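> Here it is, the structure, as structure tokens.
Read-outs throughout are calculated quantities, based only on the coordinates presented, and are distinct from any laboratory measurement. Quantities reported herein were computed from a predicted structural model and do not represent experimental measurements.
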Amino acid sequence: MNVPIRMLGIATTIFWIILVGFIASAAYSMKDLNLGFGEPQFTAGSNHDLVLTLPLHIDNRGYYSLKGFNLTTVFSDAEGAEVSKSSTVVPVIPQAGNVTILHNATLNIDSMAKQNSQYIFDDSNLTCTVMAGLNFAELLPTQLAANIPFPWGAPFYNFNLGLPRYSRVDSSHSMAKVPLSFENHAAFDVTGNIRVKLYDGQNTLLGESQKAINASKYSSYKGDLDFSVPSTSIISNTNLSGHFEVYFSTNMFDCGPVVIPYG
């Protein structure tokens, strides 16, 4: 679980190094400008949004004001399609002024999941295009654009449903137990429900089960799904093959059906 955290930290550090270097290049000397950045914060917003807050501290000790500071971040997927765009504008950072800028970038997880289910199951990289500009002493307008890889951790990484294990209850009913496991690599907790339909090799619906889940960020999850199925279906399904249909309803996104074969 430490790998996604370390990758995110490296990407954030690169982001701020480029941004700080840009601002410094717009000033006459580093001695007049003190810069610092804080740890990024992730919070779950409304409407299935994940808000990434990036704090930047600027202490302008020079003789001139910094005007028209603007910062825009655009997140794009592997195909170049825009996932999110956010901007922050500070009209004036006065001479001898000390400000903290909080840049908020919003990712709608529900929209991302509907666009491509890989964001739910696979770790990947988004591309973050950083565009920044300011005017130093009203004489030196400066702009910068850079592309930075931003690691994305999947909330249901390595999602797995095992083979059903059948046990007879009576002459007409049996129970099927299916092991469930995944790793939450995302920067947010996952709570909600997983609903699963169990089909045999002839595409006949055997049963349905629902499981409430609560997986903290950067944690592993293991559990079981219990299905009540007809005993006759077990006898006819001697090869124990078929497929699952999985539906996700969580605090951050809804997704499904996802078809997973077994056997």
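> By the gyration tensor of its Cα atoms, with a ≥ b ≥ c the square roots of the eigenvalues, what is the shape of the stretch 140-263: rounded for a/c under 1.5, prolate for a/b over b/c, or oblate?
Taking the square roots of the gyration eigenvalues as a ≥ b ≥ c, the stretch 140-263 is prolate.
> Same structure again: Any idea what the relative contact order of the stretch 149-190 is, in percent, if you count C-alpha pairs under 8 Å spaced at least 6 apart?
49
> At a threshold of 8 angstrom on Cα-Cα distance, excluding pairs fewer than six apart, so keeping six or more, what relative contact order does the stretch 149-263 reach in percent?
27
> Under the rule a/c < 1.5 gives rounded, and otherwise a/b versus b/c splits prolate from oblate, where does the stretch 64-161 land using the Cα gyration tensor?
It is prolate, given that a/c is not under 1.5 and a/b is the larger ratio.
> Next question. For the pairs Lys177/Lys197; Lys85/Lys114; Lys177/Lys217; Lys114/Lys177, flag any whose C-alpha to C-alpha distance is greater than 23 Å.
Lys177/Lys217; Lys114/Lys177
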